[in-house]
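The values are calculated or read from the model by the stated rules, or taken from the named source; none is laboratory data. As the structure is a prediction and not an experimental result, all values here were calculated from the model. So basically every Cβ, Gly included, is an ideal-geometry build from the backbone, and we count neighbours across all protein chains shown. Just the protein is used for accessible areas: all its heavy atoms, side chains included, with ligands, DNA and RNA removed. Shrake-Rupley method; radii C 1.70, N 1.55, O 1.52, S 1.80 Å.
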Amino acid sequence: MFAEFSYEYVWTVPSCPLVASGSTGLVSFLLPKATKGLRRSCAAFSILSLTVSMFISFLFFWQQNVSHSTQEYLWSWILKDDISLKIGFLVDPLALIMSILVTTVGISVTIYSDSYTCHDQGYARFSAYLSLFTASMLGLVFSPNLIQIYVFWELVGMRSYPLIGFWFARPSAANACQKAFVTNRIGDFGLLLGILGIYWITGSFEIYELCDRFIELISSGSVNSVFANIIALLLFSGPVAKSAQFPLHVWLPDAMEGPTPISALIHAATMVAAGIFLIARILNLIEILPLSMSVISWVGGTTALLGATLALTQRDIKKGLAYSTMSQLGYMVLALGIGAYRSASFHLITHAYSKASLFLGSGLVIHSMEKIVGYSPIKSQNMLLMGGLRKCMPITGTTFFLGTLSLCGIPPLACFWSKDEITAESWLYSSYLGWIASITVSFTASYMFRIYFLTFEGNFRANNISHSNFGISRLSDNNISLWGETKKELSSEKIIDNPLSSQNAELTEAVPAVYSAKKNLTHEKEIQTDSDVSHSHNLLNTEESDFFMVLPLIVLVMPTLLAGFIGVNFLQKESGLDSLSEWLTPLIVPIKSDKANLIELLVDSTGSVSLSFVGIFISYVMYGPVDFYQRKIYKYIRGIKVLDENLLSSFGDFIQGWSLNRGYIDYCYNVYLIKTTVFLSKLVVFFDQWVIDGIINGTGASSLFGGEAARYGGSGRISYYSFGLITGIIPLILLAVLTSPIT
């Protein structure tokens, strides 16, 4: 009776952050001058509201785990003869797991953002937006029907707009939020069409009801399979945009223009996770359509590989992590496309905590770099200006290292268990998808350790520029090549191949000049010696951030280390089921693990772990300690002449151009979509102004002039009328004579 009664109060989970958002916004509106003094109080209230939501979520989760039941609390909204729509809340394992995920990450981000944005004039506005963003996501996960899901789906997108463009005075941020908003509208329009289509087929918006009806209709052949696949893919188009899947992924790296706390929340537990949640929610509907499942799996596989290749040589630390998120989301979509519901849910959990830790760690790095290089993101987020930060930021460096190991799939950290499952099941489904998943594993390890090495290891490279009479703003990212060397010559033509890319605008500001080819090695050594002398002095300016910014990193490290064990029968239960399978029992058919023990499981994962270590080794060779690379590897390769140096350089330039130009996808969109649309729009405007308006205006003008002419002709004199009559009759007579047949 208690459990049944308690579920009626699940509405308090999204309501708590909603109340916090409204209170903060109201205080900042009514008492703008007092908001600064009430900053701590507003932050404490926001954290308290999320804590209450988290506690209630854990309570419901414990009850649901005991009963293994699905509960709905509904009330009627629209009642008519031909339509019945109810609103309420659906409580099942997926909703509760997502609720716990959103609230735990949300609390960490809120604590972190209190200190991160404390000096910003828009602090209260950011706090209100953040709480409302979390409330929208919580409302989404508890929605029982597609209409309610769509409402909260749009609220999540709407809240992301002001958060991504929080620093709207910066043109790049204003453009980024518009790009994210428009791109998501494309997917959302497809989702709306899919919702209307599924209602037309099943006559219901309730998720469980429409899934059952849809399966019955497909099984009986009452619905055309082509039409059914179109509806399923239209429903899938929403998650394609929201979860940054190819080809609607282009908004994700630009969304890094927002403050780092919102980047962490978007990439870990809210916006991009919403797409994965929706696919998992309606997977029963899609599973019966093999073509749609195949399309979903290949979209996920393509996105995973594409995101990994685009992250290989990114210079902005946040954009590198953004492409990493895109790749990992591709893994989850791939898993859902092959029917691996549990593996996708597992990776969603493990990735969320690891990625939240990495993003918050990158925020601390940026926070420290701003004190030295300034507040421009082109410099403060540029990894090629960093290096050696682990020495002065040990906690941040350690947590970032653990998050990197987890994302690379190194046992026994969290992402290892989930990523290995997806890779193994990909091989069972298709060898092509298996190869894609396996290659992506190696790429992931390579670019993640590249980020770690460039940021936390080696020497602090900003000194090399500031003491070379070039100034930090004159740093060219191409001074450090793909292979880790300092280039003595730099061709401005190789900076970027796409003159229309947004990267070009950034580099134009960051690279006003290039190095002269006449600089000799002696001068370079003098510069290096000078920078070494001042190295320790500059590093004193970079230090660990305050306790309230470091605390969330320490907290998030725990699930980064331990969350993976929920998907493994670590305690050797008699049921043979791991904890995650038991939690998802109402939604999936639990399968006992074939692995006798952890040793056997680790042995079977040797292949994927080996690929990860290959990627780590390659990254270490390229971006690790320079002495190791130059004195050992480079000379060794040159000695045995394994690779031609020019070939290696050309290959590196190709990868660098591919990554920095975002796979030239933005360029193609700009040329073939945007410019074509603008051209057609100009044609339509021209046709409207000169043809449509011309006909109307011409008719009016002719009537005006004809009336004026008639007015002057109507003088009342009979001679004028006779002349006009004769003038009209003579042509008619001539016409009749000329056209009459000759006899």
Taking each pair of distinct Cα atoms in region 40-80 once, what is the resulting Kirkwood hydrodynamic radius in Å?
13.0
For the peptides 187-193, 702-708, what is the packing order when you average, over each peptide's residues, the other Cβ atoms within 10 Å and list the highest mean first?
187-193, 702-708
State the percentage of accessible surface on region 117-251 attributable to carbon and sulfur atoms; use a 1.4 Å probe and exclude ligands, DNA and RNA.
69
Förster radius 56 Å - calculated FRET efficiency between residue 168 and residue 708 (Cβ-Cβ, nearest 0.05):
0.50
Taking only the Cα atoms of region 112-154, how large is their convex hull per residue, in Å³?
60
Quick check on region 1-111: what does the Kirkwood estimate of hydrodynamic radius come out to from the alpha carbon pairs, in Å?
15.9
Give me the net charge of residue 457's neighbourhood, meaning all other residues with Cβ under 10 Å from the Cβ of residue 457; Lys, Arg count +1, Asp, Glu -1.
+2
For residue 40 and residue 543, FRET efficiency with R0 = 22 Å and r from the beta-carbon atoms, rounded to 0.05?
0.45
Apply 1/(1 + (r/R0)^6) to the Cβ-Cβ distance of residue 610 and residue 220, taking R0 = 41 Å, and write down the FRET efficiency to the nearest 0.05.
0.25
Protection proxy (average C-beta count within 10 Å per residue), highest first, orders 220-232, 680-692, 610-622, 240-252 as 240-252, 610-622, 220-232, 680-692
Provide, as a two-decimal number, the C-alpha radius of gyration of region 110-238 over 2.2 N^0.38 Å, N being how many residues it has.
1.36
Mind checking the alpha-carbon convex hull of region 207-351 and giving the volume per residue in Å³?
95
Equivalent ellipsoid semi-axes - Cα gyration tensor, region 263-327, angstrom
27, 16, 4
Provide the convex hull volume over Cα atoms per residue for region 294-416, in Å³.
96
What order do 355, 675, 36 take when sorted by accessible area (1.4 Å probe), most exposed first?
36, 675, 355
Show me the ranking of peptides 195-207, 124-136, 723-735 by mean Cβ neighbours inside 10 Å, starting with the highest.
124-136, 195-207, 723-735
Expressed in angstrom and rounded, the centroid-to-centroid distance over alpha carbons for region 225-260 and region 443-460 is 29
Taking only the alpha carbons of region 50-144, the radius of gyration and the largest Cα-Cα distance, Dmax, both in angstrom, are 16.9, 57
On each of the three principal axes of the Cα atoms of region 408-452, give max minus min coordinate, whole Å, ordered largest first.
33, 19, 8
Given labels modelled 7 Å from the Cα in the Cβ direction, how far is it in nm from residue 85 to residue 401?
5.5
Probe 1.4 Å, all protein chains in place: accessible area of residue 457 in Å², nearest 10?
50
